[in-house]
Every structure is written in C-alpha cells, then in structure tokens.
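Notes follow the structure.
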Amino acid sequence: MKKGFCLLICSLLTTSLLVITGCEKKDKTSLNSNEKEKKIILSKEDTLDLNIYFDSSSNTKNPEVAKEERIMKRYEILGEIIIGEIIKGPSVNSKLKPTLPKDTRILSFSIKDNIAFLNLSKEANISMTSYKEETCLKSIIWSLSQIPSVEKVKILIENKDIDLWDNHFDLSKPLGKGDIQNAKRD
C-alpha cells in the first residue's frame, strides 16, 4: 500500500511538472539567441531580463501571444530616458528653455568604452546660433554624464556627424564636459 501510494504521488508530480512546463509558449529563435546572450558575461546589476510579448496566433479565431526574452543594459535604457526628457523639454511652469525640437526622435542609443553613442532623427538638425548649439551640446553631455559608465558623448543625426546644426562645433569625435570649448570652430 505504501509503495503504491508513493508511486501515485511520484506519477502525479511528474505529470504536473510536464503540464506546467509545456503550457507556456516560447519563441524557439529567441531561446537560442537568449542562450547566446547569456554567454556574454554581464553582471546582474548592469542588465534587465525582460519578457516582451508578441502575436503568436496561428489563426484569427484564437488570439495568442508568446514571449521573447530580452536582456537589456540598464544604463542604455537610462540614457534613452534622459534624452527623451531633454526632447520633451522643461516642465510647463519652468522658466528654462528647451534645447532640442519636440519632434526629434531617438534613432539609437548605446554605450561602449565609456562613450555614449546618440543617433537622433533629422528633426534635431535645425539652424542654431553658436550660443544655442553650445547650450544644446552641454544639455546632452551634462545630462548623459550623470550615468556612471559615460565619460563622453558621440552625437549623430541620421548616422552623420558632419554638417550638424550650423557647424559651430567639431562633432567628429566624442565630447566630454571639458571638450566643448576645444571643439568650437568660431
């Protein structure tokens, strides 16, 4: 009797495990890429493990979603948020002035070797006085330099670093807080 009871419990546990693990849909390619990404040595404090859900329906009568696992770098997410806030502009009651046009979009943002790479949309490339261009650069560089892994910022507009704004500054190299005056062309 005890043997039969133990066998029954083991069978139920095994069946339950199989049912539970088989119920969640996962995208096979995201699992493979996730395994590759996990091989890259990143500390847990520097990354966020997120599940993003997408349409996996096989027909229109049964809507389903499946997860794709993503590992994202915390400081890159923070950098995008900071630039988004710069684009949004100061609060309504503030006496401060915006430094980038509101219709500017972030095309890409990454951090490598203590350099933040910021690629903005063409809407950011407006005509500016030397004073306004310097203010804009300071706004971006000072704000992003708050991130511990950022010492300099490389600014691109539509993947280009020449003929930006009114070309008052040489933006061909990454700039840190102490580099702005040396990059001035006027």
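Values quoted throughout were computed directly from the atomic coordinates according to the rules given, and no laboratory measurement underlies them. All figures in this text were calculated on a predicted structure; none of them were measured in a lab. Cβ atoms come from the backbone with ideal geometry, glycine included; neighbour counts cover every protein chain shown.
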- Item | Calculated from backbone phi, Karplus (6.51, -1.76, 1.60) coupling profile of the stretch 49-64 in Hz, x at Gly/Pro | 9, 10, 10, 10, 9, 10, 5, 10, 5, 8, 8, 7, 8, 10, x, 9
- First select every other residue whose beta carbon is under 9 angstrom from the beta carbon of Trp165; then total the charges, Lys and Arg +1, Asp and Glu -1. -2
- Among Asp49, Asp179, Asp113, what is the fewest-to-most ranking by other Cβ atoms within 10 Å? Asp113, Asp49, Asp179
- Message: Explain nothing, just the number: dipole magnitude of the stretch 75-183 about its Cα centre with +1 on each Lys and Arg Cβ and -1 on each Asp and Glu Cβ, in debye rounded to the nearest 20.
- Response: 280
- Roughly speaking, what is the centre-to-centre gap between the stretch 70-99 and the stretch 117-186 when only Cα atoms are used, to the nearest Å? 16
- Item | Long-range HN-HN contacts of Lys154 with modeled amide H, under 5 Å | Ala116, Phe117, Leu118, Leu175
- Rounded if a/c is under 1.5, else prolate if a/b beats b/c, else oblate: with a ≥ b ≥ c from the C-alpha gyration tensor eigenvalues square-rooted, which is the stretch 75-183? rounded
- Message: Quick query: amide H of Ser56 versus all other amide H atoms, modeled in the peptide plane; which residues come in under 5 Å with a sequence gap of 5 or more or a different chain?
- Response: Glu64, Val65, Ala66
- Task: Would you order Val150, Val92, Val65 from fewest to most other beta-carbon atoms within 10 Å of each residue's own beta-carbon?
- Result: Val92, Val65, Val150
- Query: If the limit is 25 Å between Cα atoms, which of Lys112/Lys160; Lys67/Lys152; Lys67/Lys154; Lys73/Lys97; Lys97/Lys173; Lys95/Lys132 go over it?
  - Reply: Lys67/Lys152; Lys67/Lys154; Lys73/Lys97; Lys97/Lys173
- Task: Hey, can you grab everything whose amide H is under 5 Å from the amide H of Leu107? Only 5+ residues off in sequence or another chain; H modelled, so Pro and N-termini drop out.
- Result: Asn119, Leu120, Ser121
